[in-house]
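Undergrad: To start, I am sharing the structure in question, which I have written as structure tokens.
Each reported figure results from applying straightforward, stated rules to the coordinates on display, with no laboratory input. Please read these numbers as outputs of a predicted model, since none were measured by experiment. So basically every Cβ, Gly included, is an ideal-geometry build from the backbone, and we count neighbours across all protein chains shown.
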Amino acid sequence: MPMRQLADSVMLSKSGVTRLVDRMAEAGLIERLACSDDGRVCYAVLTTPGRTLLQRAQPVAFQGVEDHFARHITEQEAQVIAGALMRVLAAAGHSQPAPPRQTPEELVRENRNV
């Protein structure tokens with residue numbers, strides 16, 4: 001992902017993302033790759049250790065969402081919230097993400113078994 005897009009997606013300034021990426025690169029979790037077409041663009045790419053850490057963290061994140069949010073709303077309410085958030089993304093000029101391959105409940109169940 002280009003660094004500017006990364007900054008926008010995590011709602012940090014470009015300098016804030018640069019500092020974060022510096023720390024993650026020092027830890028061996030990501031590496032920077034220059035764009036062959038545009039020397040001004042730099043990509044942040046997960047390394048194998050970064051991907052491993054992400055996979056280990058996902059069950060904790062999914063469980064947190066389940067415990068503090070998902071279990072308190074119905075499926076219908078979740079769909080309404082998702083629709084509203086998609087409109088907010090569209091208004092901000094972001095493309096809509098691909099629909100999930102699994103429901104949040106399926107993801108939580110699957111990640112409990114990891």
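Undergrad: Just to confirm a number: summing +1 for Lys and Arg and -1 for Asp and Glu over residues other than Val17 whose beta-carbon lies under 14 angstrom from that of Val17, what do you get?
TA: Residues close to Val17 contribute a combined charge of +3.
Undergrad: If a/c stays under 1.5 just call it rounded; otherwise compare a/b with b/c (prolate if a/b is bigger, oblate if not). Do that for the stretch 3-46, with a ≥ b ≥ c from the square roots of the Cα gyration tensor eigenvalues.
TA: oblate
Undergrad: Within 12 Å, Cβ to Cβ, of Leu46, how many net charges do the neighbouring residues add up to if Lys/Arg are +1 and Asp/Glu are -1?
TA: Within the 12 Å Cβ shell, the charges total +1.
Undergrad: While we're on this one: At 0.36 nm per residue, minus the direct Cα-Cα distance, what do Glu26 and Arg40 gain on full extension? Give it in nm, one decimal, please.
TA: Contour length minus the Cα-Cα distance gives 2.9 nm.
Undergrad: Calculate the FRET efficiency for Gln79 and Ser9 from the Cβ-Cβ distance with a Förster distance of 25 Å, rounded to the nearest 0.05.
TA: So, using R0 = 25 Å, E works out to roughly 0.60.
Undergrad: Going by a ≥ b ≥ c, the root eigenvalues of the Cα gyration tensor, does the stretch 18-100 fall in the rounded group (a/c under 1.5), the prolate group (a/b larger than b/c) or the oblate group?
TA: oblate
Undergrad: If you add up the charges near Arg32, with Lys and Arg at +1 and Asp and Glu at -1, over every other residue whose beta carbon is less than 15 angstrom from its beta carbon, what do you get?
TA: +1
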